[in-house]
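Everything below concerns the one structure shown next.
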Amino acid sequence: MSACDVVVIGGGLSGLVAAAAAAERDKKVVLIAKGVGAIAVGSGSIDVLGYEAGGKPVARPLAEMGKLPSNHPYARAGKQATAKAFEFFLDLCEKGGFPYSGSADVARWVPTAIGTLKPTCFLPRSMDPAPLEAAKAAVVVGFRGLKDYYPELIIRGLMQVPAYPKRFRTVIVDPEMAGRDVNALDIARWLDTESGRHACIEQMLTGIAPGNVVLVPPVLGTVPNYGVLEEFEKATTCKFIEITGMPPAITGLRLYDLLVSEIKKRGVRIVEHATVTRAVVDNGRCTAVVTHGVDRERTHPARSFILATGGFYSGGLEAGFGSAREPVFGLPVKVPESQSDWSNAFLLSGGAQPFARFGLDVDARLRPTDGSGKAVFENVYAVGRTLSGFDDAFEKSGNGVAVVTGYRAGTLVA
Amino acid sequence: MKGYLYDSDRCMACTSCTVVCPVAAATREFLGPKMVGPALSRFRRPALAPDLAADLCSNCKNCDISCPSGVPISTLNMLSKAEYYRHHRHRLRDWVLSHGQLMGNLATPFVPLSNLAIANPISRTMLGAFGFAGRMPLPAYVRKTFRKQFRALRQQSFPQKVVFFPGCYIDFYDPGVGLDFVAVMQANEYEVVVPRGLGCCGTPMVANGFPGAAERAVRRNVRALQEWTDAGVPVVACCTSCSLTLKQEQQELFDVPGAAELAARVYDATEFLLELRDRGKLKTDLKQLSGRYLYHAPCHLRDQGIGRPGFEMLGSLPGLEISDADAGCCGLSGSYGFKGDRYEVAQAVGDALFKKVRASGADAVISECGTCRHQITVATGAKTLHPISVMRRAFE
């Protein structure tokens, strides 16, 4: 493979942002992706810091970061880089034609498809819950046959939220879909078509009135822009809010397509469907990484490497009995000696899971360290869920850490 | 055989494949790769009645490309199709479409009569009755196959050798691509060898549920290539479905001794040339070219885990303006889009690409895959080229 400045290993959110940040500095970047990251099927909202370690909600995420332990990825990245990372992300979305709203200063609570609220910070404009907070009544639009989306369940939950209206009604749109089960992607594709949008608007108008606030599943088109939203708002003079939903949650797909297209514009070369299995190292430096297909190995030389392979779910970390490791570089992952201390036995207790914090320890430049705190390789950086010291599921910080550490590594690589 | 690759339990039902599947996007009749591949395979294990859920799968492999857990979803689909046809009769049409080599051997001696026989209005109606898509013309046979023309060619002899695997499309329909490859290699001081006994790579047979015929094709090719593989000579194909089969699919599906050793030597032509360029082994005094081109990456190239070497090579040729269409699958998928009951799906899949091509105003569309080029030309009227044909102009 042709030599380049930076190889990014992993095509999830942290890898895409790292590639964009490095390419922005005119680095020649190759991004190697095994598959698509969780981002393509997720909500696309950037959760920054939703809960303290004790479970108390965080009102001001950016201010709260000052209290985090020094091994938390936000602390490692530093205050200045964190702020710049979010600016960079917002700028990317703006340039991609799908501007996000929100800030890391204040937590936004957004409704979900099971009628709960979740704390986040940056959102597509179509997911901004502000109109709901200002309304006296709201409409929940459902779609006949749509899986994992039940207006009654959503209303029952949202009625309990003090800031929300107490009057909800339901309008059911029939997309007249035969064949397999209907998911949000099917509806979004239907609304990509002019005839689908017209039919949907016509059916909604039987139950909504000008000025209504209307909650819909994440279905306002598959393309990263606000075309469908604007058309709906114009045709009905209502405010529409997309609720976060189960995978495939189309808002994340829009962000994924936007980021892939933005990094391609910046000259990043993407190698799809390739798994990096090992590194070639020489005297404290990595000189190349090696991909392994069914056929043979291929070598990808570069000056710097960004490890964005994710956690246990995506194979970026591997757990065995009594030990865990990072498989590409063989980096150490610190775990409690007794395996019974790895997990919280009460799965549904609402408490955190210790294994969720397992990952790579890094120095202030995000380079994985050995037991003594010294960087193992001078030119290898780790980002996103590969890192230790945070619990993305419990504290609701996964995408925020991905953006911040991805950006930071992209600005550090030589 | 790398049978461990079939483990459907590595699927965590994340829906990534559902999101990227072009067939699922085009028709609601298809249950989608997650359901048809890993989910249903679990039920197939205890030998339940074989089902046809996978029949709408075109084997384009976008599911495999997207899977974050490395599940070979399309291969699970092909296995289930094969199992179904172990118990059910095939359609004659599917036999014809998957035995291109035999059909080519029969038809070529009678060109142009054989082309007239398949392209006239009466026979097209008859083909329609047999289940072919009346609106999708089959590519026309050439009078002289690539192999015939190659045998008549006088190459300059060089110590560096490379084996060329022509495949059916280049052999019977598009021999110019193979000749362009030979010319590029000669210009870079390589001698091209086409061993006797090479045939179809087997992928159309796999896609149409003829695993036995496919395995026989694989065994024949592995045998024909063995002396060259043993000698460490690279084996290069200009067709990305052939190279994907030789590298990967034949190892996933069959237990053929020598297949792994062969796979380790197989290259897509543009991959091979890019590697030579990076090692400083290619001629550097290139001719100035001109023209504005649109590039389409075939799915079976994207699946190979090598990026887009052809696009990268073309981008570095002097004077060439080239942009990536980046518009997904063309829809034809080898034999799929020629079928009457698949034609609409295939056209819907390719629609985004066709729109890009029409809007581009490019001089030609460049793509490695012969059937992608055929689909693009039929749908849009655009001129199409294999990257190697453009490279020939720069190197000669």
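The values are calculated or read from the model by the stated rules, or taken from the named source; none is laboratory data. No experiment lies behind these values; they were computed from the predicted model shown. All Cβ positions, glycine included, derive from the backbone under ideal geometry; neighbour counts span all protein chains shown.
Points to keep in mind about this one:
- Leading residue by the ranking (farthest from the other protein chains (Cβ to nearest Cβ)) among those in segment B:321-342 that are out of contact with any strand residue (DSSP E or B) (no Cβ under 7 Å at 6 or more places or on another chain) and among the aliphatic types (A, V, I, L, M): B:332
- Matching helices (runs of 4 or more DSSP H) fully within segment A:2-106 where at least 2 residues are within 14 Å of chain B (Cβ to nearest Cβ), surrounded by 24 or more Cβ atoms within 10 Å (Cβ to Cβ) and modelled with pLDDT of 95 or more: A:13-24
- Residue match in segment B:258-276 (condition: touching a Phe, Trp or Tyr at 6+ places or on another chain (Cβ under 9 Å), at the interface with chain A (Cβ under 9 Å from one of its Cβ atoms), closer than 16 Å to residue B:222 by Cα and modelled with pLDDT under 95): no
- Taking the criterion of being over 18 Å from the mean Cα position of the chain (by Cα), within 13 Å of another protein chain (Cβ to nearest Cβ) and either free of Cβ contacts under 8 Å to residues at least 24 places away in the same chain or surrounded by fewer than 21 Cβ atoms within 10 Å (Cβ to Cβ) (or both), the residues of segment A:299-317 that qualify are A:299, A:301.
- Restricting segment B:367-396 to residues that are outside any helix (DSSP H, G or I) and touching a His at 6+ places or on another chain (Cβ under 9 Å), the residue that is surrounded by the most Cβ atoms within 10 Å (Cβ to Cβ): B:368
- Residues in segment A:312-350 that are in contact with a Phe, Trp or Tyr (Cβ under 8 Å, 6 or more places away or on another chain) and not in a strand (DSSP E or B): A:312, A:317, A:329, A:334, A:335, A:336, A:339, A:342, A:343.
- Pairing each residue of segment B:298-312 that is outside the structural domain of residue B:64 (by TED's automatic domain parsing) with any residue that is among the aromatic types (Phe, Trp, Tyr), provided the two are 6+ apart or on different chains, yields C-beta distances under 7 Å for B:311/B:295.
- The set of residues in segment A:107-134 being touching a strand residue (DSSP E or B) at 6+ places or on another chain (Cβ under 9 Å) and either on the phi > 0 side of the Ramachandran plot or in a loop (DSSP other than H, G, I, E, B) (or both) consists of A:107, A:113, A:121, A:128, A:129.
- Only listed residue being among the polar types (S, T, N, Q) and surrounded by 21 or more Cβ atoms within 10 Å (Cβ to Cβ), chosen from B:74, B:69: B:74
- Test for residue A:187: is it β-branched (Val, Ile, Thr), in contact with a Phe, Trp or Tyr (Cβ under 9 Å, 6 or more places away or on another chain), farther than 20 Å from residue A:100 by Cβ and surrounded by fewer than 18 Cβ atoms within 10 Å (Cβ to Cβ): no
- Residue match in segment B:202-220 (condition: hydrophobic (A, V, I, L, M, F, W, C), surrounded by fewer than 24 Cβ atoms within 10 Å (Cβ to Cβ) and within 14 Å of chain A (Cβ to nearest Cβ)): no
- Among the residues of segment A:258-298, those that are away from chain B (no Cβ under 13 Å), in a loop (DSSP other than H, G, I, E, B) and touching a residue at least 40 places away in the same chain (Cβ under 8 Å) comprise A:266, A:284.
- Tabulated pairs, segment B:24-35, first facing another protein chain (nearest Cβ under 7 Å) and under 14 Å from residue B:76 (Cα atoms), second buried (at least 23 other Cβ atoms within 10 Å of the Cβ) and not charged (D, E, K, R), C-beta under 7 angstrom, 6+ apart or interchain: B:32/B:18; B:32/B:21; B:32/B:24
- In segment A:166-223, the qualifying residues are those that are touching a residue at least 60 places away in the same chain (Cβ under 8 Å), closer than 19 Å to residue A:246 by Cα and part of a loop (DSSP other than H, G, I, E, B), and the one that is nearest to the other protein chains (Cβ to nearest Cβ) is A:183.
- Evaluation of residue A:148 against (1) under 26 Å from residue A:48 (Cα atoms); (2) within 14 Å of chain B (Cβ to nearest Cβ); (3) crowded, with 17+ Cβ neighbours inside 10 Å; (4) not aromatic (Phe, Trp, Tyr) (one fails), failing number: (3)
- Some residue of segment B:339-348 being within 16 Å of the chain's Cα centre (by Cα) and at pLDDT 95 or above: yes
- For segment A:264-277, the condition of being surrounded by fewer than 22 Cβ atoms within 10 Å (Cβ to Cβ) and in contact with a Leu (Cβ under 6 Å, 6 or more places away or on another chain) holds for at least one residue.
- Residue within segment B:37-46 that is more than 8 Å from chain A (Cβ to nearest Cβ), in contact with a Leu (Cβ under 6 Å, 6 or more places away or on another chain) and either surrounded by 19 or more Cβ atoms within 10 Å (Cβ to Cβ) or of a type in the set (Asp, Glu) (or both) present: yes
- Taking the numbered list (1) modelled with pLDDT of 95 or more; (2) surrounded by fewer than 22 Cβ atoms within 10 Å (Cβ to Cβ) in turn, residue A:246 passes all entries but (1).
- Screening segment B:59-88 for residues that are aliphatic (A, V, I, L, M) and within 14 Å of chain A (Cβ to nearest Cβ) and picking the one that is farthest from residue B:327 (Cα to Cα) gives B:71.
- Residue within segment A:280-298 that is modelled with pLDDT under 95 and in contact with a helix residue (DSSP H, G or I) (Cβ under 6 Å, 6 or more places away or on another chain) present: yes
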